[in-house]
1. So which of Asp157, Asp104 ends up being more than 15 Å from His45 (Cα to Cα), surrounded by fewer than 22 Cβ atoms within 10 Å (Cβ to Cβ) and at pLDDT below 95?
2. Taking the stretch 44-64, which residues are surrounded by fewer than 24 Cβ atoms within 10 Å (Cβ to Cβ), of a type in the set (S, T, N, Q) and in a helix (DSSP H, G or I)?
3. Taking the stretch 231-276 as the region of interest, how many residues are without any contact (Cβ under 8 Å) to a residue 40 or more places away in the chain and within 16 Å of the ligand (Cβ to nearest atom)?
4. Which residues, counting only those in the stretch 68-77, are surrounded by 14 or more Cβ atoms within 10 Å (Cβ to Cβ), in contact with a Gly (Cβ under 7 Å, 6 or more places away or on another chain) and over 11 Å from Thr42 (Cβ atoms)?
5. If you go through the stretch 70-86 one residue at a time, how many are in contact with a helix residue (DSSP H, G or I) (Cβ under 8 Å, 6 or more places away or on another chain), of a type outside the set (D, E, K, R) and within 19 Å of Asp48 (Cβ to Cβ)?
6. I'd like the residue in the stretch 172-202 that is part of a helix (DSSP H, G or I) and charged (D, E, K, R) and, out of all such residues, is surrounded by the fewest Cβ atoms within 10 Å (Cβ to Cβ).
7. Filter the stretch 140-165 down to residues that are outside any strand (DSSP E or B) and in contact (Cβ under 8 Å) with a residue 60 or more places away in the chain, then give me how many there are.
8. Checking Ser202 against (1) under 30 Å from Met136 (Cβ atoms); (2) not assigned by TED's automatic domain parsing to the domain that holds Thr28, which single condition isn't satisfied?
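The values are calculated or read from the model by the stated rules, or taken from the named source; none is laboratory data. As the structure is a computational prediction, the values presented were derived from the model and not from experiment. Note that we place each Cβ from the backbone using ideal geometry, even for glycine, and neighbour counts take in every protein chain shown.
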Amino acid sequence: MTASKDSIHRAMTNDGAFRVVTVRATDTVAGVLQAQDASGETARHLGDLVTGAVLIRETMSPALRVQGILKQRKGNGYLLGDSHPSGSTRGLVGGAHSEFEMNDALLRVVRTLQDGRIQQGVVAVPDGGDVSKGLMTYMQESEQITTMIVVGTLFDDGKLAAVGGYLVQLLPGADRAPLMIMTERLEDFCNVDKFLLQPDFSPQSLTEELLWGMPYTELESSSFHYKCWCSRTSMMGALSSLNRSEIQSMVDDGEVLEIACDYCRRDYRVTPAELTGLLDEN
Ligand SMILES: [Zn+2]
């Protein structure tokens, strides 16, 4: 794995009106798309979704795992972006084998709490919308926070060129005047493509552009990267949740079981003896 230059950057305007979070996610998304062998519009939506999951985790709950899941209402196709508090990030193209169709999609955002419980919200992606619109709808409906989110995954001749985005949040108690100025300002930032393509693009440079002329304070930055956190232990844990008769029939087959991780395609081999061990534990 090559080193990731991806990072996320936070800032706040000095009048306390806005929080701004900017992100570069090119290396992470490159890893995800390669592992999933994704291309075309599916790859673009998946890149946006992975970036969105990182943005939401870093903004709303940095200590929790956050998953963003886009699901087609009809059919069984789905895309998943998975952001771990350690900075490890992965993604998945699931279900259908055809290109992911954004029309009529649902966006689910899932947070895993420290005790293993989950919190989730589901919204419909607006007609003609993309991941950015879905994320904004989620923030408005489920979190009730006025938020502008724009993410972008750019390709050049079919090859991934740049991925990034930003989030601007109106903080509680802010006046209407700064909101009007910001709303007008953000009309120029509905799309981040031209910023992503600048050769010196960084989360810091995007913050500078977004907050041009507004006094602000830079807060902490953090880095993240493509990495799957599957393990032999977690895979055996998943196997042990099958019922006894299913495990018994695999033992009876007498063959080495080969299981690939859906996220990173790493292969795990389980011997009949190990499967018998699972029966003993139950
Ligand atoms: Zn894995």
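1. The match here is Asp157.
2. If the condition is that a residue be surrounded by fewer than 24 Cβ atoms within 10 Å (Cβ to Cβ), of a type in the set (S, T, N, Q) and in a helix (DSSP H, G or I), then Thr59 is the only one that fits.
3. Result for the stretch 231-276: 17.
4. Listed by number, the list holds a single entry, Gly68.
5. Matching residues across the stretch 70-86 total 5.
6. In this case the residue turns out to be Glu187.
7. 2
8. So the condition that Ser202 fails would be (2).
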